[in-house]
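Encoded as structure tokens, the structure appears first; notes follow it.
The values are calculated or read from the model by the stated rules, or taken from the named source; none is laboratory data. Remember, predicted model here, so these are calculated numbers, not experimental data. Methodologically, a virtual Cβ is constructed for each residue, glycine included, from the backbone with ideal geometry; neighbour enumeration extends over all protein chains shown.
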Amino acid sequence: MMPSYQMQVLGTIRSPYKQKFAIPRQPGLIAEAKAELVLEPGYDDDAIVRGIEAFSHLWLVFVFHQTADKGWSPLVRPPRLGGNEKKGVFATRATFRPNPIGLSVVKLEGVVRTQGRLIIQLSGVDLLDGTPILDIKPYLPYADAIPDAAGGFADAAPETDMTVSFEPAVLEFCQRQKDQPELAVLIEKVLKQDPRPPYKKQKAEQQSYGMTLYHFNIKWTVNGVHNHVTEIRHVQHKQQDHEVQPRSDS
């Protein structure tokens, strides 16, 4: 029997991404995706973050908490390859791993204490809301950035031809949100990543989707390479499904 280890959750992520759908494939792709890491009691002493603000970026070790109970597979189908080709799980960053642990580098925006809680402010995150954090380490450019490293099948940042437009009422709604002044930019950048599953990208007919960012429910249509945001509203209850069925007129 191999030894097992019990880990302590140091803190929890509060992020705009309320479901796996629409989360960027990697960190740093959407700078406007801001989050808070709320440290748990026992790990929220000011001494624990002393000196952290000297670093611009942090490594976060986290748990894929929504897929941890689904087991793992030695072979997976990376979305980057259109979901059509299998790779070994250790050759990917897939969530279905022997140990459901992820690694993400994020930008440090600051450290604050609010209502007695110690909070690390972050941006450029690719983390689901509620993600448990197991460890925090400073990013060291001289050691962690390797300019001539090979990136395999993901050698460059993903790019799409997707364009985005907004209904005037949606854009006006976004502009009124003083607590999220970059909401429209965040929505645009998320949609330009084309979060649809690979098999949906092959369909020619117009499709309708929905997602939740922060406490907003956003609906949009996709026609070819164009996204059009049709509706936005405050979330009234917990979102259950990420995909909206196509309307009868689509």
Can you name the residue in the range 88-127 that is among the small types (Gly, Ala, Ser) and part of a loop (DSSP other than H, G, I, E, B) and is also nearest to Val63 (Cα to Cα) among such residues?
Ala94
Within the range 65-82, can you find the residues that are over 17 Å from Asp155 (Cα atoms), surrounded by 12 or more Cβ atoms within 10 Å (Cβ to Cβ) and touching a Phe, Trp or Tyr at 6+ places or on another chain (Cβ under 8 Å)?
Thr67, Trp72, Ser73, Val76
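Taking the condition in contact with a Lys or Arg (Cβ under 9 Å, 6 or more places away or on another chain) and small (Gly, Ala, Ser), does Gly88 pass?
no
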What are the pairs, 6+ residues apart or on separate chains, where a residue within the range 71-84 that is modelled with pLDDT of 85 or more has its Cβ under 8 Å from a residue that is polar (S, T, N, Q)?
Val76/Thr92; Arg77/Asn84; Pro78/Thr92
Residues in the range 31-67 that are at pLDDT below 95 and β-branched (Val, Ile, Thr) total 1
